[in-house]
Amino acid sequence: MAPRRWRRQERIALLGQRAGWVCQLCFEPVDPSLSGNHPDGATADHVIPRSMGGTSEPGNLRLAHRRCNEKLASPAHRSARVFLEAGVVPPARSAVN
Ligand SMILES: [Zn+2]
């Protein structure tokens, strides 16, 4: 069955379960009850940025606090992003099963 475009909450729930509700950028716990608009709320971070051709499929997403996600999106933190991505193995395709 081909996955339809999933809603944000489903996406966050899947990423959260896969990550054990730990932010994949700072490795602090994420509270699933917080809104995605909260600085400590859960967001889906693109492993490969969309600007570089990354998709919004589960294999290219990881759980991140909103504040961590936004920090890495800013030019000032680009070097941190490179460092993190060098040390983070993208999620396996087995997540699709
Ligand atoms: Zn974080």
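Could you check the spin-label model distance between Ser35 and Arg8? Points 7 Å from the Cα along Cα→Cβ, value in nm.
Modelled inter-label distance: 1.0 nm.
Between Ser51 and Cys26, what is 0.36 nm times their sequence separation minus the Cα-Cα distance? Round to one decimal in nm.
6.7 nm
Every read-out reported here was derived from the displayed coordinates using simple, explicitly stated rules and does not represent laboratory data. Everything numeric in this text was worked out from a predicted model, so none of it was measured. Using ideal geometry, Cβ is built from the backbone for each residue, glycine included, and neighbour counts are taken over all protein chains shown.
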